[in-house]
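Visitor: My structure is below; once you've seen it, I'll send some questions.
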């Protein structure tokens, strides 16, 4: 995560330099839409799932199935999983 004023793509090199294994699929938001990031992920054997920015001349198609499989944040439940009358945005989920 980057601070609110920083561009997301500036955090990519530090993220990929970590000791964790390279991702098979990189799911990111439009802030990471850059040719250099896409090619780096592919060189590492992964698939970039990044929606294109609106100002990109040639949009890049993404796999919608992979995009929709993004897991919920750990420890949080979707509104459908909460009991009626409970607030899903509370600290403990529901």
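Visitor: Taking 0.36 nm per residue of sequence separation and subtracting the Cα-Cα distance, how much length would be gained by fully extending the chain between residue 16 and residue 30, in nm to one decimal?
Guide: Going from the current span to full extension adds 3.3 nm.
Visitor: Checking the a/c ratio against 1.5 first, then a/b against b/c, what shape does the Cα gyration tensor give for the range 23-68?
Guide: oblate
Visitor: Go through 34-44, 16-26 and give me the packing order, highest mean Cβ count within 10 Å leading.
Guide: Per-residue mean Cβ counts within 10 Å order the peptides as 34-44, 16-26.
Each value in this text was obtained by applying a stated rule to the coordinates, not by laboratory testing. Quantities reported herein were computed from a predicted structural model and do not represent experimental measurements. All Cβ positions, even for glycine, are placed from backbone atoms using ideal geometry, and neighbour counts span all protein chains on display.
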